[in-house]
Amino acid sequence: MLAEKAVNQGVAPVTYGQGDRPPRGDYASARADYTCDQNWSAYTPEEHALYRRLYERQAAQMRGLACDEFISAVQHLGTPERIPRFDELSQTLYKRTGWEVVAVPGLIPEEAFFALLAARRFPVTGWLRKPEEFDYIVEPDVFHDLFGHVPLLFDPVFADYMQAYGAGGLKASRLDACELLARLYWYTVEFGLIRTPQGVRAYGAGILSSAGELRYSVQSPEPSRVGFDLQRIMRTRYKIDSYQATYFVIDSFQQLFDATAPDFTPIYRAVRELPEIEAGAVLPGESLIAAE
């Protein structure tokens, strides 16, 4: 929601307040915290049908590529025959992990995004792409946000990681370190891979909501797959106009949560003293994780 989304995910690189045109969405209806009403009754039968097509395309690819936690949790979104009601979904989600889903007009500023995560409120874009945007869309829509992000909020450890990330973001904005923290979000929440007994699997929302990158990220020999390293991630640039050249692989969601526990202030300081790493670069002595 705060970081650029990649073209290959069906979402072109756009950041709130930037670009050739204003972001799509009714920002006049937003409250001070950028949340708004979902207005579920305004969705048309055609939009519900389009959501179902998007859902079914991705669901058909999950086995052997997505992590088991995601596959188990995606059912909580309810029937794919209609766009979920956020209030109903929030009731189920809150009982599991204390999170709720809130509607937003679209991309929102960093501070507002961090504040919502820190309060265990996940912002989901209210509108759905047009039929002609089935494979390509400029901003993240309700399908990307719901299908890609929300299922793992049912996992207690990942849910705690997201809250910790939001709290860390509020601090990063005061330390002028949002770019470094955005790289962590990009390489975990959006494009993260996880090691499992069955092999590497995807858990990042940008991968899981992509028609093409899901298989590429797990099976292609082309990208570099590197073990999770916080400073390495914060130093590494990322691709916004193609499939990722580098993926970072965690051993567990607990590892991810534990990485957010320390005070990042000295980490930001250390990272700024080191050179940036280009996407796809392999460092001397660095071992890579093989494709499936």
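The values are calculated or read from the model by the stated rules, or taken from the named source; none is laboratory data. Just so it is clear, the model here is predicted, and its values are computed rather than measured. When we count neighbours, we look across all protein chains shown, and the Cβ atoms used for this are built from the backbone with ideal geometry, even at glycine.
What residue, among those in segment 173-207 that are part of a loop (DSSP other than H, G, I, E, B) and in contact with a Gly (Cβ under 6 Å, 6 or more places away or on another chain), is surrounded by the most Cβ atoms within 10 Å (Cβ to Cβ)?
Filtering segment 173-207 for residues that are part of a loop (DSSP other than H, G, I, E, B) and in contact with a Gly (Cβ under 6 Å, 6 or more places away or on another chain), the one surrounded by the most Cβ atoms within 10 Å (Cβ to Cβ) comes out as G204.
Would you mention how many residues in segment 249-271 are of a type in the set (F, W, Y) and more than 18 Å from the chain's Cα centre (by Cα)?
Residues meeting the conditions: 2.
Can you pull out the helices (runs of 4 or more DSSP H) entirely within segment 41-151 that have at least 3 residues that are more than 19 Å from the chain's Cα centre (by Cα) and either crowded, with 21+ Cβ neighbours inside 10 Å or not aliphatic (A, V, I, L, M) (or both)?
45-59, 86-97
Residue check: is S210 hydroxyl-bearing (S, T, Y), in a helix (DSSP H, G or I) and within 17 Å of the chain's Cα centre (by Cα)? Full working, then the answer.
Working: hydroxyl-bearing (S, T, Y): yes; in a helix (DSSP H, G or I): no; within 17 Å of the chain's Cα centre (by Cα): yes.
No; evaluated as a whole, the condition is false for this residue.
Considering every residue within segment 224-242, establish whether at least one is farther than 24 Å from V142 by Cβ, within 16 Å of the chain's Cα centre (by Cα), not aromatic (F, W, Y) and not in a helix (DSSP H, G or I).
yes
Just give me the residues in segment 243-267 being in a helix (DSSP H, G or I) and crowded, with 19+ Cβ neighbours inside 10 Å, in sequence order.
Result: F253, L256, F257, A259.
What's the number of the condition D251 fails, among (1) of a type in the set (D, E); (2) in contact with a Gly (Cβ under 9 Å, 6 or more places away or on another chain); (3) modelled with pLDDT under 95?
(3)
Please work out if S287 is polar (S, T, N, Q), out of contact with any His (no Cβ under 7 Å at 6 or more places or on another chain) and surrounded by fewer than 20 Cβ atoms within 10 Å (Cβ to Cβ).
Details: polar (S, T, N, Q): yes; out of contact with any His (no Cβ under 7 Å at 6 or more places or on another chain): yes; surrounded by fewer than 20 Cβ atoms within 10 Å (Cβ to Cβ): yes.
Against the criterion (polar (S, T, N, Q), out of contact with any His (no Cβ under 7 Å at 6 or more places or on another chain) and surrounded by fewer than 20 Cβ atoms within 10 Å (Cβ to Cβ)), S287 qualifies.
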